[in-house]
Amino acid sequence: MRDARGDTASASTRTLAEAWLTDVDVLTGRLLTAIFTDNPEWTDYEPVPRADLREGCKQYLTRILEILSGAAGGPDGDDVAASIGRHRAEQGVRLEVMLRTFRLGGRIVWEALLEQAELTGVAPHDVLEAGTAMWSVIDGLSSTLSTYYRNTELERVRLDEQRRHALIEDLLGGRAGDATFAARAASELNLPAGGGYVVVVADQAADGTPALSSPRATLSALRIFSVWQSRVDTEVGIVALENRPPAAVLDRLRPLARGRAGVSPPVASLTEIGTAHALAQVALGTSPKGAAEVVSLEQRYPEALLVRSPELAARMAGQVLGGVLARPEKERDVLLRTITAWLEENRSAANAAVRLHCHRNTVLNRLQRVAELIGRPLEGRKAYVELSLALSALDLPRDEEGPAPGA
């Protein structure tokens, strides 16, 4: 064994250590006494059974003496310290507590070496050398302990994150229809069991940039509990309402929008999260690509119906507005803006004219032109519904390979 200076430990150091190897149980008792009379904050072993703690202390003290006596290699990467680090991390003992115990163990061994030196008349120089060697061993074992403890903690965090990810995926996939599973998921995800939920689905760019900026932190600051999960091209949030109106969540999320996000109607419990997730995806689909907005399905039911049947929506738009859509671009766009303004102004030509910055008669002439192009009058409930849905279908996002209106 080599000391801190790289020199081989003296025969006196080996002899002092060897003398205690047969009495490690005595040193173990001293260390346990020191642990339980020390500051409780620094020696909290509540998760550890007493027999387990005793065994760990004995193994540690034995290894110190083995290294000092030359019976074991150096402390760097020592398997005993590594094992203790992993085991205590799994039990949830704080690293500071373990390091404190290692220092206490060093003190116990040092006092034992002094006792033996006094009994055998070891020269002061040799005692000093033994002390230097011993504290070098303690430092090395402490370093090994810390490394393996932190590695184990990182692995635990990774496994916890994997379990959390799997739980959320199961919720979104509808497995929470099982009430027992829903209760377990609520407990592990730190979510209330009831009080209502909404699901948020937001776009996520290829580089991982989400459409909502820090939604979890924003909601948490308002004591609104939520869990969020990144998927391939979306970020999904499960938000606990706790009997709040959904608008309370929407109002907080809207200022965070840097892209599209859709919100489901509220559901009563986690058992309905799968359904809420599907409806939030539909809500997202009603928002035009490139928009920066948070839309609620409850505000977009007509568009949602069209999104669920994109081919039918495209055919309807082509059927209802085919004549208008066939006109040259400039005329087509003017006529579409006129129909939209007229419907949104409750079919008032005068109000539409103000909105379009033209004369009322101009609006009436354009509407007459639309009627001629589509081959039917613009009157009656059926006409209003069809025109409104057709215009909405034109505004919906469409895949490049998807059906175009009139196809």
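Each reported figure results from applying straightforward, stated rules to the coordinates on display, with no laboratory input. Treat the numbers as computed from the prediction; the structure is a model and nothing was measured. Please note: Cβ atoms are built from the backbone with ideal geometry, for glycine as well, and neighbour counts cover all protein chains shown.
For a quick check: sort Lys58, Lys289, Lys382 by the number of other beta carbons within 10 angstrom, fewest at the front.
By the 10 Å Cβ count, ascending: Lys382, Lys289, Lys58.
Between the labelled values (1) 4, 16, 16, 13, 12, 10, 8, 7, 6, 4, 2, 0; (2) 4, 16, 19, 16, 14, 9, 7, 8, 5, 1, 0; (3) 4, 20, 31, 27, 14, 3, 0, 0, the entry that holds P(r) over Cα pairs in 10 Å bins from 0, in percent as derived from this structure is (1).
Here segment 157-265 is treated with +1 on each Lys and Arg Cβ and -1 on each Asp and Glu Cβ, and its dipole about the Cα centre works out to around 260 debye. If you take the Cα centroid of segment 147-226 and the Cα centroid of segment 280-302, the two points sit 23 Å apart.
Helices in the chain, meaning DSSP H runs of at least 4 residues, each add -39500 (n - 2.57). Divided by all residues, the mean residue ellipticity at 222 nm is -20000 deg cm²/dmol. Beta bridges per DSSP, both residues in the chain: antiparallel share near 85 percent.
Sort 151-158, 384-391, 305-312 by the packing proxy (mean of other Cβ within 10 Å over each peptide's residues), most packed first.
On the way: 151-158: 13.0, 384-391: 17.2, 305-312: 15.4.
The densest-packed peptide leads the list: 384-391, 305-312, 151-158.
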